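Data first, discussion second: the structure below is written as structure tokens.
The values are calculated or read from the model by the stated rules, or taken from the named source; none is laboratory data. All values reported here derive from a predicted model rather than from experimental measurement. Cβ placement follows ideal geometry from the backbone for every residue including glycine, while neighbour counts extend to all protein chains displayed. Heavy atoms of the whole protein, side chains included, go into the accessibility calculation; ligands, DNA and RNA do not. Shrake-Rupley method; radii C 1.70, N 1.55, O 1.52, S 1.80 Å.
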Amino acid sequence: MSSKKRRHPKAPVLPSEEDIALFRQAVVGVQPITTDRVLLETPPPRAWPLQREADDMSVLAESLRGPLSIDLRLEGGEEPSFLRSGLTRQVLRDLRRGRWVSQGQIDLHGATRDAAHDLVVEFLHDAHRRGMRCVRVIHGKGLGSPGREPVLKGLVLGWLMHRPEVLAFCQARPHEGGAGALMVLLKPAARD
């Protein structure tokens with residue numbers, strides 16, 4: 001135990017009879033202020049559904065970034081793939097078979113939808129500028145998502161189809177990420 005004594009809070013000091021008498025003498029003849037006004041408090045502002053508004057804006061933005069049509073071409077199964085018009089199917093076959101070596105990758109695990117979109121756009125722009133021809137985009141399999149559904153997978157497919165630097169993409173081979181990743185073929189960078 002401590003050798004210090006505990007201090008108890010002091011009781012409030014009450015005014016003495018003399019102090020009360022002095023106060024009463026000082027306020028002799030003072031009239032209380034009376035007013036005929038009513039103080040009205042302004043009503044609180046109406047509740048505004050901020051979260052619903054944010055959700056609506058998110059859906060709108062997602063719909064603008066998403067695919068305009070379901071133009072995912074499937075070749076032998078349900079593996080997503082895309083081939084820009086004007087290119088031969090051989091380009092997609094070569095990409096699927098691993099004839100293009102990945103020169104870079106981005107992992108979107110843990111990213112929100114908006115953050116993932118920005119990361120993909122920046123990554124593709126930078127990879128194209130640096131002259132990369134094949135990159136891997138890891139969107140994940142959705143095992144940690146609610147309902148164990150891959151939330152980013154469908155979004156990434158739409159984003160990639162709308163990027164002008166993307167010529168083709170397909171699901172990665174099993175040792176490269178399988179259903180959780182895409183191999184993306186980029187246009188050659190313009191020569192200066």
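Taking the protein heavy atoms of segment 111-192 in the context of the full set of protein chains, the accessible area attributed to carbon and sulfur is 53 percent at 1.4 Å. Computed from the C-beta positions of Arg129 and Ala54 and an R0 of 30 Å, the FRET efficiency is 0.35 to the nearest 0.05.
Fully extending the segment from Arg84 to Leu143 would add 18.2 nm, taking 0.36 nm per residue of separation and subtracting the current Cα-Cα distance. Taking the three principal axes of the alpha carbon atoms in segment 80-192, the coordinate ranges are 44, 28, 23 Å, sorted in descending order.
Converting phi to 3J(HN,Hα) with the Karplus coefficients 6.51, -1.76 and 1.60 and the offset θ = phi - 60°, segment 99-116 yields 6, 9, 8, 5, 9, x, 8, 9, 10, 9, 4, x, 7, 6, 4, 5, 5, 4 Hz in sequence order, with x at every glycine or proline. Taking each residue as 0.36 nm, the span from Leu22 to Val91 lengthens on full extension beyond its C-alpha to C-alpha distance by 14.7 nm.
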